[in-house]
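The values are calculated or read from the model by the stated rules, or taken from the named source; none is laboratory data. Source: prediction; values computed, not measured. Glycine gets a Cβ as well: all are built from the backbone with ideal geometry, and neighbour counts include every protein chain shown.
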Amino acid sequence: MMDISGVNSIACKPKIDYVACNCCTTCVELCLHGAIYIDRVDGYVKINYAKCRNCGVCIKVCPYGAIKCFDNRHQWVPTTSSTVSAD
Ligand code: SF4
Ligand code: SF4
């Protein structure tokens, strides 16, 4: 699958920062794989990792910077330097 995000898809597992999240649902609308949804029980936006393809689009489109990239050792990976392509 083509990575259209500019974020390194191998290094990137998205996680939502609920302090920063404003529940705007932009990520829900723009996830191409239907992996982000609104939990009807608690109202929080959540990621279904069984559907997530690690494309990084949600990280890029969140207007509040609330979705962050983590590597497979659960370490935060800044998406402003080596993980973002120059173009
Ligand atoms: S990384 Fe891509 S597939 Fe996974 S939740 Fe974000 S937009 Fe959806
Ligand atoms: S785009 Fe960002 S602020 Fe909006 S619902 Fe998703 S995580 Fe929350």
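Some points to look at:
- Residues of the stretch 11-66 that turn out to be over 21 Å from T79 (Cα atoms) and of a type in the set (K, R), as a count: 2
- Residue within the stretch 6-22 that is at positive phi, β-branched (V, I, T) and at pLDDT 85 or above present: no
- For beta carbons closer than 7 Å, sequence separation of 6+ or different chains, a first residue in the stretch 14-41 that is acidic (D, E) and a second that is within 9 Å of ligand 2 (Cβ to nearest atom) and assigned to a loop (DSSP other than H, G, I, E, B), the qualifying pairs are D17/A66.
- Filter result (aliphatic (A, V, I, L, M), more than 12 Å from the chain's Cα centre (by Cα) and closer than 13 Å to I16 by Cβ) within the stretch 31-65: I38
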